[in-house]
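Structure first, commentary second.
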């Protein structure tokens with residue numbers, strides 16, 4: 001017999017927080033842009049009428065484009081090593097700017113460029129990455 005309501009179960013589930021294995025992307029990003037495209041199932045009828053409904057329970061995954069600018073070579077290498085070690089497969093935690101919500105994400109792609117600034121005689125580097133929210 002079920003003794004809890006769905007709302008009670010959902011509240012308890014949300015309190016469990018992120019579920020990645022303790023890997024945290026804790027570098028400060030310079031730029032961050034979120035994209036959300038809800039997944040929707042559409043039943044199109046012959047008279048022009050369409051019926052829409054959410055496609056599943058987690059329908060609003062966030063895709064973040066993040067940038068880290070003017071990094072020293074050692075910081076850029078640390079960021080790139082972290083992303084490369086995850087290989088676009090392993091889930092890690094990331095907290096978007098100006099939020100207290102930690103997300104479980106993967107990084108399917110990243111790139112880097114050499115910047116124009118000099119720090120201690122070295123050119124700085126810029127790292128750009130895409131973080132895709134996942135549900136584990």
### Query
Name the residues in the stretch 10-34 that are at pLDDT 85 or above and surrounded by 11 or more Cβ atoms within 10 Å (Cβ to Cβ), would you?
23, 24, 25, 27, 29, 30, 31, 32, 34
### Task
Could you check residue 77 against (1) exposed (fewer than 14 other Cβ atoms within 10 Å of the Cβ); (2) without any contact (Cβ under 8 Å) to a residue 12 or more places away in the chain and say which number it fails?
(1)
### Task
Tally the residues that are free of Cβ contacts under 8 Å to residues at least 40 places away in the same chain and more than 13 Å from the chain's Cα centre (by Cα), restricting the search to the stretch 100-122.
8
### Message
Out of the strands (runs of 3 or more DSSP E) lying entirely within the stretch 50-136, which hold 1 or more residues that are touching a helix residue (DSSP H, G or I) at 6+ places or on another chain (Cβ under 9 Å)?
### Response
62-71, 92-94, 103-119, 122-133
### Task
Among the numbered conditions (1) touching a strand residue (DSSP E or B) at 6+ places or on another chain (Cβ under 7 Å); (2) surrounded by 10 or more Cβ atoms within 10 Å (Cβ to Cβ), tell me where residue 51 comes up short.
(2)
### Message
Conditions first: (1) surrounded by 13 or more Cβ atoms within 10 Å (Cβ to Cβ); (2) more than 14 Å from residue 64 (Cα to Cα); (3) within 13 Å of the chain's Cα centre (by Cα); (4) modelled with pLDDT under 95. Residue 83 passes all but one, so which condition is the exception?
### Response
(4)
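The values are calculated or read from the model by the stated rules, or taken from the named source; none is laboratory data. Note that the coordinates shown come from a computational prediction; the quantities given were computed from them, not determined experimentally. No Cβ is skipped: glycine too gets one built from the backbone with ideal geometry, and neighbour counts run over all protein chains shown.
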